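*Asks:* Take a look at the following structure, please.
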Amino acid sequence: MKRWIPLLLLAGLLTGCSPDAEKPSMLTVSAAASLTEAFTEIGQAFEASQPGVAVVFNFGASSSLRAQLLEGAPVDVFASANLTQMGLAVDGRAIVPETAAVFATNALVIVMPADNPAGISTPADLARPGLKLVLAAPEVPAGQYARQALEWMAADLGAAFLTGVQANVVSLEDSVRGALGKVALGEADAAIVYASDALTAPELEVIEIPTQYNVLAEYPLAVTATSTQPDLAGEFVAFVLSAEGQAILQKWGFGPPP
């Protein structure tokens, strides 16, 4: 009786490769929500430079992504919106420390609906009674930065300013994009978000926070200690730091590394 070689196996023998050989290498990147547009474009450019590679993103609050990483989520690269969350990941031995690098910076702005119903013209107006203000939650980097900026403003504007602002906070969002979304939907009079976020919603009005009160957010990224393809992950980190990666980040409103 003849022995028949399964067709799939025969095809593999004829082509000199196994059926799995053509599957793309999957690179998983967990990145701060504020990086959504910039990293999506960077991912596409990286894929174009690396035939057979597919980049999959998990965007969210840096604090949540760091917690997922420490709980064993399968991630190859972690990109945070602040140094604190990266430091906690390093302390938890979830990061290869020597691969960590700051790749971008960001600043804070105030966004309002296009018709600006509250008539906000300066940061001092955020303390006006009855105004509906949205911030990212305290554990989210954007929320931490916003509170720091407000405290610096209060040093000049007085304690009543900070008390008034705190009384106006109507929602604490899980990510900076949540805060942006509340204003875009007309559910709030204002929110404090990153300058890069404001670029994604050109229909909103924007007020810059003066430099003396602003916080320069530093964004680090690194290869994870559990990455199953650390070399490829390292190449992605290098691409983000390259001239091409930096140009894409600046296009989306991010500043260069300090």
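*Asks:* Specify whether the C-alpha gyration tensor of the range 33-77 places it in the rounded, prolate or oblate class, a ≥ b ≥ c being the square roots of the eigenvalues: rounded for a/c under 1.5, otherwise prolate if a/b is larger than b/c and oblate if not.
*Replies:* Oblate.
*Asks:* Here is a further query. As a check on your grasp of the helix formula, calculate [θ] at 222 nm for the chain: sum -39500 (n - 2.57) over DSSP H runs of n ≥ 4, divide by the residue count, round to the nearest 500.
*Replies:* Rounded to the nearest 500, the figure is -12000 deg cm²/dmol.
*Asks:* Hey, for a label at V102 modelled as a point 7 Å past Cα toward Cβ, could you say which residues of the range 194-234 have their backbone N under 16 Å away?
*Replies:* 214-222
*Asks:* Read through the labelled values [x] 17.9; [y] 14.1; [z] 19.6 and report the label of the one computed as mean projected area of the Cα convex hull in nm² from the structure.
*Replies:* Label [x] holds the value from this structure.
*Asks:* Enter the angle in degrees (range 0 to 90, nearest 10) between the Cα long axis of helix 141-157 and the first principal axis of the Cα atoms of the chain, meaning the one along which they spread out most.
*Replies:* 20 degrees
*Asks:* Same structure, new question: Run the quick spin-label model on A114 and Q212: label points 7 Å from Cα toward the beta carbon, then report their separation in nm to one decimal.
*Replies:* 3.6 nm
*Asks:* What does the charge add up to near S64, with Lys and Arg as +1, Asp and Glu as -1, over the other residues with Cβ less than 15 Å from its Cβ?
*Replies:* Result for the local shell: -2.
*Asks:* Taking the 0 to 90 degree range and rounding to the nearest ten, how far is the long axis of helix 159-168 tilted relative to the main principal axis of the chain, both from C-alpha atoms?
*Replies:* Once rounded, the angle reads 60 degrees.
*Asks:* Quick one: compute a quarter of the convex hull surface over the Cα atoms of the range 130-232 and quote it in nm².
*Replies:* One quarter of the hull surface, i.e. the mean projection, equals 8.6 nm².
Where a number appears in this text, it was derived from the coordinates with a stated rule and is not lab data. Just so you know, these numbers come straight off a predicted model, no measurement behind them. Note that each Cβ is placed from the backbone with ideal geometry, even for glycine, and that neighbours are counted across all protein chains shown.
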